[in-house]
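**Student:** Would you mind keeping the following structure in view while I ask a few things?
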């Protein structure tokens, strides 16, 4: 039999920088052919527009969370990738799974041990967790998923330290080490880190995980907080950039505490570029991706994930920013 295909799982709470790290992995000249499985929480996938076009295969799962409602889809996708690889239809040496920021990593990791066909074809290489230094303390206080992501990690990468108070960093590291003494902790800026610490690290140790969660190999159920919801705004008409920027600043100032994550692609009047926009709580920003192609439909798509967000109010704010 051929060697099992190594799998890296990228996890971390909403807005921590997982996609930035994934882009870094795909852009690096490491010589590996990588297949990507991308999971979105909500009805529309956004990150496939943000990813570099350098993966051998990208599969987007956007009809639920990978750790619960679509875990069966993950099994089917992995099995299909392995079958197509064996038949010579696909050529890849490594799989990277980027989970939604609300995923509990335990059921995802469990898949590689309790599903016989997946266990035969794949090897869980490592679970990499990205932690947002700016918002980590509150996220760890308020969200069980954030705690699980740290506890199960084989590597912990702390992002956005430039946005956080430097004096608070030792306290964050102390808390992370208290939750997980196995995993090395490293600062990372815009996904820049040594890929030797990310791929082929053989960092996942089942015995260690069984000490953390003795029922790991048993059926793991997972549900999200009822007050965390997502919705998508689509608009075929271009937005007025200045009005939209002002509206987003008002939304962030008034609702930012409950806006866990918002991101998407924007079509702006008098701008030939597709704009990637994303934010976490009150911190947000946008940058051009590339010019809109002549063969694609210009459309803005934004996904909002948060607690008890006033969807109608946010939709009205966006409608008011449509260019005349």
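**Student:** Out of 95, 131, 150, 114, I need the residue that is within 30 Å of residue 282 (Cα to Cα) and in contact (Cβ under 8 Å) with a residue 40 or more places away in the chain. Which one? Even if it seems obvious, please write down each step before you answer.
**Tutor:** Details: 95 fails: within 30 Å of residue 282 (Cα to Cα); 150 fails: in contact (Cβ under 8 Å) with a residue 40 or more places away in the chain; 114 fails: within 30 Å of residue 282 (Cα to Cα).
Testing whether each residue is within 30 Å of residue 282 (Cα to Cα) and in contact (Cβ under 8 Å) with a residue 40 or more places away in the chain leaves just 131.
**Student:** Tell me, yes or no, whether the stretch 169-177 has at least one residue that is surrounded by fewer than 24 Cβ atoms within 10 Å (Cβ to Cβ), modelled with pLDDT of 90 or more, closer than 30 Å to residue 33 by Cβ and in contact with a strand residue (DSSP E or B) (Cβ under 9 Å, 6 or more places away or on another chain).
**Tutor:** Scanning the stretch 169-177, I find no residue that is surrounded by fewer than 24 Cβ atoms within 10 Å (Cβ to Cβ), modelled with pLDDT of 90 or more, closer than 30 Å to residue 33 by Cβ and in contact with a strand residue (DSSP E or B) (Cβ under 9 Å, 6 or more places away or on another chain), so the answer is no.
**Student:** Can you find a residue that is under 20 Å from the mean Cα position of the chain (by Cα), closer than 21 Å to residue 142 by Cβ and surrounded by 14 or more Cβ atoms within 10 Å (Cβ to Cβ) anywhere in the stretch 294-304?
**Tutor:** Yes, there is a match, as at least one residue in the stretch 294-304 is under 20 Å from the mean Cα position of the chain (by Cα), closer than 21 Å to residue 142 by Cβ and surrounded by 14 or more Cβ atoms within 10 Å (Cβ to Cβ).
**Student:** Hey, among the residues in the stretch 83-97 that are in contact with a strand residue (DSSP E or B) (Cβ under 6 Å, 6 or more places away or on another chain) and at pLDDT below 90, which one's farthest from residue 5 (Cα to Cα)? Before you say what the answer is, go through the steps one by one.
**Tutor:** Restricting attention to the stretch 83-97, the residues satisfying the condition of being in contact with a strand residue (DSSP E or B) (Cβ under 6 Å, 6 or more places away or on another chain) are 90, 92, 94-97.
Those left that are additionally at pLDDT below 90: 90, 92.
Details: 90: 13, 92: 9 Å.
Selected residue: 90.
**Student:** Buried (at least 24 other Cβ atoms within 10 Å of the Cβ) and either in a helix (DSSP H, G or I) or in contact with a helix residue (DSSP H, G or I) (Cβ under 9 Å, 6 or more places away or on another chain) (or both): does that describe residue 75?
**Tutor:** Details: buried (at least 24 other Cβ atoms within 10 Å of the Cβ): no; either in a helix (DSSP H, G or I) or in contact with a helix residue (DSSP H, G or I) (Cβ under 9 Å, 6 or more places away or on another chain) (or both): yes.
Here the answer is no, as residue 75 does not meet what is asked.
**Student:** Could you please find all residues in the stretch 247-269 being out of contact with any helix residue (DSSP H, G or I) (no Cβ under 8 Å at 6 or more places or on another chain) and surrounded by fewer than 20 Cβ atoms within 10 Å (Cβ to Cβ)?
**Tutor:** 249, 252, 253, 254, 256, 257, 258
**Student:** Among the residues that make up the stretch 186-194, is at least one of them touching a strand residue (DSSP E or B) at 6+ places or on another chain (Cβ under 9 Å), in the same structural domain as residue 140 (by TED's automatic domain parsing), loosely packed, with under 13 Cβ neighbours inside 10 Å and modelled with pLDDT under 80?
**Tutor:** Initial filter on the stretch 186-194 (touching a strand residue (DSSP E or B) at 6+ places or on another chain (Cβ under 9 Å)): 186-191, 193-194.
Next cut, in the same structural domain as residue 140 (by TED's automatic domain parsing) only: 186-191, 193-194.
Those still in the list that are loosely packed, with under 13 Cβ neighbours inside 10 Å too: 186, 194.
Remaining after also requiring modelled with pLDDT under 80: 194.
The answer is yes, given that some residue of the stretch 186-194 is touching a strand residue (DSSP E or B) at 6+ places or on another chain (Cβ under 9 Å), in the same structural domain as residue 140 (by TED's automatic domain parsing), loosely packed, with under 13 Cβ neighbours inside 10 Å and modelled with pLDDT under 80.
**Student:** Now for a different question. Go through 211, 242, 287, 218 for me and flag whichever is surrounded by fewer than 19 Cβ atoms within 10 Å (Cβ to Cβ), at pLDDT 90 or above and either within 30 Å of residue 110 (Cα to Cα) or not assigned by TED's automatic domain parsing to the domain that holds residue 23 (or both).
**Tutor:** Working: 211 fails: at pLDDT 90 or above; 287 fails: at pLDDT 90 or above; 218 fails: at pLDDT 90 or above.
Answer to the selection: 242.
**Student:** Among all residue pairs at least 6 apart or on different chains, which show Cβ distances below 6 Å where the first residue, located in the stretch 278-291, is without any contact (Cβ under 8 Å) to a residue 40 or more places away in the chain and the second is surrounded by fewer than 12 Cβ atoms within 10 Å (Cβ to Cβ)?
**Tutor:** 291/272
The values are calculated or read from the model by the stated rules, or taken from the named source; none is laboratory data. Computed from a predicted model, the values in this text were never measured in an experiment. Note: ideal-geometry Cβ built from the backbone for every residue, glycine included; neighbour counts use all protein chains shown.
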